[in-house]
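A short write-up of the structure that comes next.
The values are calculated or read from the model by the stated rules, or taken from the named source; none is laboratory data. All of these numbers come straight from a predicted model, not from anything done at the bench. In this analysis, Cβ positions are derived from the backbone assuming ideal geometry, glycine residues included, and neighbour counts consider all displayed protein chains. Please note that ligands, DNA and RNA were not included when accessible areas were found on the heavy atoms of the full protein model with its side chains. Shrake-Rupley method; radii C 1.70, N 1.55, O 1.52, S 1.80 Å.
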Amino acid sequence: MIDVATLLNQATAEAGLGLQRIDAEFLLAHYLAKPRAWLYAFSDQPLSDRQVEDFMALANRRAAGEPVAYITGRRGFWSFDLCVSPDTLIPRPETELLVELALAHIPENHPCRILDLGTGSGAIALVLAHERSGAEVTAVDVSEPALAVAERNAAELKLRNLAFIRSHWFAELSGQLFDVIVSNPPYIEISDTHLQQGDLRFEPRSALASGADGLDDIRVIVSQAPQHLSRHGW
């Protein structure tokens, strides 16, 4: 039998799959349904042949480039552990800055209407709804599968002050006004070679790229947002 430490070493060694250590740990902890700290506390824990085989199948997927978040179906964002799928972008730490900037314009314990455009997994909308319980948050996305993921996350977090609408940007929001509009839209040029590299190869192209110069969707948002902003909206 092989133990936890040896298996992780084999997955990360140059002679093995060559995974990043943190990726191997996340995958093994996910498979065993244990926190990562457990891997250190019980590094000499023997694993069955079936456990080794199952883990190596996951490790091989990562070695082929598939993102850890899609393999596990989860990604940490803010203080949440969110569901993700290949139908959604993988929430990234830098997006938390966007949330922080939005929160600075949303008073606590005060009624407010917030719109999250292109919500994907719902990461931004979920945090805003959680941190500002007095707000009414509307999250839209053109992708039905993405909205299903966002709704699942909202249900897991038991958030009630959210509404989800299938819409291409503002198309289904006629006459609605919001105090804050927030978005992390596609902004990459459709021909950018980075789209063929790393994790981006596996993420939905429509959520990454937007026209020849990457600005098609941003132009729509900039031109139409004023029609949906309240008098002192941001």
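Data overview
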read-out	value
Count of region 60-101 residues which are among the aliphatic types (A, V, I, L, M) and out of contact with any helix residue (DSSP H, G or I) (no Cβ under 7 Å at 6 or more places or on another chain)	5
Flag for Leu97 being open to solvent by 20 Å² or more (accessible area, probe 1.4 Å), among the hydrophobic types (A, V, I, L, M, F, W, C) and in a loop (DSSP other than H, G, I, E, B)	no
Neighbours by Cβ (under 6 Å, 6+ apart or cross-chain): first from region 162-176, in contact (Cβ under 8 Å) with a residue 12 or more places away in the chain and surrounded by 15 or more Cβ atoms within 10 Å (Cβ to Cβ); second of a type outside the set (A, V, I, L, M) and assigned to a loop (DSSP other than H, G, I, E, B)	Ile165/Glu172
Criterion: within 14 Å of the chain's Cα centre (by Cα) and among the charged types (D, E, K, R) - qualifying residue of Glu136, Glu172, Glu156, Glu151	Glu151
So Leu7, is it among the hydrophobic types (A, V, I, L, M, F, W, C), open to solvent by less than 40 Å² (accessible area, probe 1.4 Å), touching a strand residue (DSSP E or B) at 6+ places or on another chain (Cβ under 7 Å) and not in a helix (DSSP H, G or I)	no
Matching residues, region 200-234, being within 19 Å of Ala69 (Cα to Cα) and open to solvent by 50 Å² or more (accessible area, probe 1.4 Å)	Arg201, Phe202, Arg205, Ser206
Index of the failed condition, Leu195 passing every other in (1) open to solvent by 30 Å² or more (accessible area, probe 1.4 Å); (2) without any contact (Cβ under 8 Å) to a residue 24 or more places away in the chain	(1)
Residue list for region 35-93, restricted to those being in contact with a strand residue (DSSP E or B) (Cβ under 7 Å, 6 or more places away or on another chain) and either under 18 Å from Asn184 (Cα atoms) or among the hydrophobic types (A, V, I, L, M, F, W, C) (or both)	Leu47, Val52, Ala69, Arg75, Leu82, Cys83, Val84, Ile90, Pro91
Flag if Leu82 is crowded, with 20+ Cβ neighbours inside 10 Å and touching a residue at least 12 places away in the same chain (Cβ under 8 Å)	yes
Residue count, region 133-144 (criterion: open to solvent by 60 Å² or more (accessible area, probe 1.4 Å), farther than 14 Å from Ile181 by Cα and in contact (Cβ under 8 Å) with a residue 24 or more places away in the chain)	2
All positions within region 38-93 that are more than 22 Å from Leu128 (Cβ to Cβ), outside any helix (DSSP H, G or I) and not aromatic (Phe, Trp, Tyr)	Ser43, Asp44, Gln45, Pro46, Leu47, Ser48, Ala64, Gly65, Glu66, Pro67, Gly73, Pro86
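Per-residue answers, yes or no, for (1) of a type in the set (D, E, K, R); (2) closer than 21 Å to Glu156 by Cα:
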site: Leu32; (1), (2): no, no
site: Arg36; (1), (2): yes, no
site: Ser43; (1), (2): no, no
site: Asp49; (1), (2): yes, no
site: Phe55; (1), (2): no, no
site: Arg62; (1), (2): yes, no
site: Gly65; (1), (2): no, no
site: Gly73; (1), (2): no, yes
site: Val84; (1), (2): no, yes
